[in-house]
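Okay, structure first, notes after.
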């Protein structure tokens, strides 16, 4: 167990940040999953900018790697374009 006040505080901070990051990462994954279930092109085009913003924020905060963000954006764009 930690012996210093600063170490105890760091443990508390890490736990709260872990839960915060986990929530946002899970929300992003669920949004991508729901987007891939869409069949209406108009609806997909409306949701695409919001999903882009969410993915970019995750990459900016280093919750996901910037290349993963690019790959996700590329794949969802291809999917949106494939809808008719």
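A short reminder: the numbers here are calculations on the coordinates, not readings from a lab. Bear in mind the structure is a predicted one, so any value in this text is a computation, not a measurement. FYI the Cβ positions are ideal-geometry reconstructions off the backbone, even for glycines, and counts take in every protein chain you see.
Points worth noting:
- Fewest-first ranking of 28, 58, using other Cβ atoms within 10 Å as the exposure measure: 28, 58
- The angle between the Cα long axis of helix 66-82 and the main principal axis of the chain comes to about 20°, on a 0 to 90 degree scale.
- Compared with the dominant principal axis of the Cα atoms in the chain, helix 41-60 is inclined by about 30°.
- Helical runs (DSSP H, four residues minimum) scored at -39500 (n - 2.57) apiece and divided by the length of the chain put the mean residue ellipticity at 222 nm at -29000 deg cm²/dmol.
- For the chain, averaging the sequence separation of C-alpha pairs within contact (under 8 Å, six or more residues apart) and dividing by the residue count gives a relative contact order of 31 percent.
- The distance linking the range 1-28 with the range 52-84 is 26 Å (Cα centroid to Cα centroid, whole angstrom).
- Counting every other Cβ atom within 10 Å of each residue's Cβ, 37, 56 order from fewest to most as 37, 56.
- Max mean-square fluctuation residue, GNM over the chain, Cα-Cα springs under 10 Å, options 39, 16, 31: 16
- Where [x] 1.32; [y] 1.00; [z] 1.19 are the candidate values, the label of the one calculated here for Rg/Rh (Cα atoms, Kirkwood Rh) is [z].
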